Structure formats: structure tokens, C-alpha cells
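J.: Take this structure first; my questions come after.
The values are calculated or read from the model by the stated rules, or taken from the named source; none is laboratory data. It should be emphasised that the depicted structure is a prediction, and the values quoted were computed from it without experimental measurement. With ideal geometry, Cβ positions are generated from the backbone for all residues, glycine too; neighbour counts draw on all protein chains shown. These area figures cover heavy atoms from the full protein model, side chains too; ligands, DNA and RNA do not enter into them. Shrake-Rupley method; radii C 1.70, N 1.55, O 1.52, S 1.80 Å.
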Amino acid sequence: MVQNGEYFVIRDMKQRGMSISQMAEEMRRDRKTVRKWLQQETHQPYQRSVTPPGKLEPFKTFILQRMEEGCRNAVVLFEEIQQQ
């Protein structure tokens, strides 16, 4: 991942006439990364993708409650969830 300031450094290097290989070597980045950042019109900060809720999310409170009661057997918990 390219840091915020590096995007502008890469753009400056391109204006000075450096090749992608030279920029990649100097910045210690892959050529494909440098090329990708040069193709962007503006700097776009990195954003993590939102992870979808898991399969057990609807049963999370039940599972935590049962674990506090001392039930740590996954098979028993699974059977109890199936009965619900």
C-alpha cells in the first residue's frame, strides 16, 4: 500500500521524466503499484472493506450466554441452536 505522501512523490517523479522502473526502484515499490497510482487522477486514500456479518451473528448472544454458564462444547451448542 502506498502512503499518502508517496502518491505525490510518484507524481513529481513522473513530471521530472523518470520511468516507471526507475520510480519503482527508488521508492522500493513494485512497478505495477507505481503504474496503478500514476493512472489515478486524484489521490484516493485506502479504505477497508466492510466485512459481512458471520453465520453465527444472530446466535451470538445465546452462545455467549451459554458459554458464561459453562457450556464450551461446540456440538452441544450447535444442537441447541438447531432446536431453536
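J.: What is the number of the single condition among (1) under 26 Å from the mean Cα position of the chain (by Cα); (2) modelled with pLDDT under 90 that Gln84 does not meet?
T.: Only one criterion is unmet by Gln84, namely (1).
J.: Now, a different point. Taking the residues in segment 72-84 that are of a type outside the set (D, E, K, R), surrounded by 10 or more Cβ atoms within 10 Å (Cβ to Cβ) and in contact (Cβ under 8 Å) with a residue 12 or more places away in the chain as candidates, determine which candidate is nearest to Leu56 (Cα to Cα).
T.: By that ranking, first place goes to Ile81.
Yes/no matrix, rows are residues, columns are (1) at pLDDT 90 or above; (2) open to solvent by less than 70 Å² (accessible area, probe 1.4 Å); (3) hydroxyl-bearing (Ser, Thr, Tyr):
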| site | (1), (2), (3) |
| --- | --- |
| Lys14 | yes, no, no |
| Ile20 | yes, yes, no |
| Glu26 | yes, no, no |
| Asp30 | yes, no, no |
| Glu41 | no, no, no |
| Ser49 | no, no, yes |
| Gly70 | yes, yes, no |
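J.: What pairs come out if I take residues in segment 46-59 that are over 30 Å from Gln3 (Cα atoms) and of a type outside the set (A, V, I, L, M) and pair them with residues that are open to solvent by less than 100 Å² (accessible area, probe 1.4 Å) and outside any loop (DSSP other than H, G, I, E, B) whose C-beta lies under 6 Å away, six or more apart or interchain?
T.: Phe59/Ile81
J.: Can you pull out the residues in segment 51-68 that are open to solvent by less than 100 Å² (accessible area, probe 1.4 Å) and β-branched (Val, Ile, Thr)?
T.: Ile63, the sole residue that qualifies.
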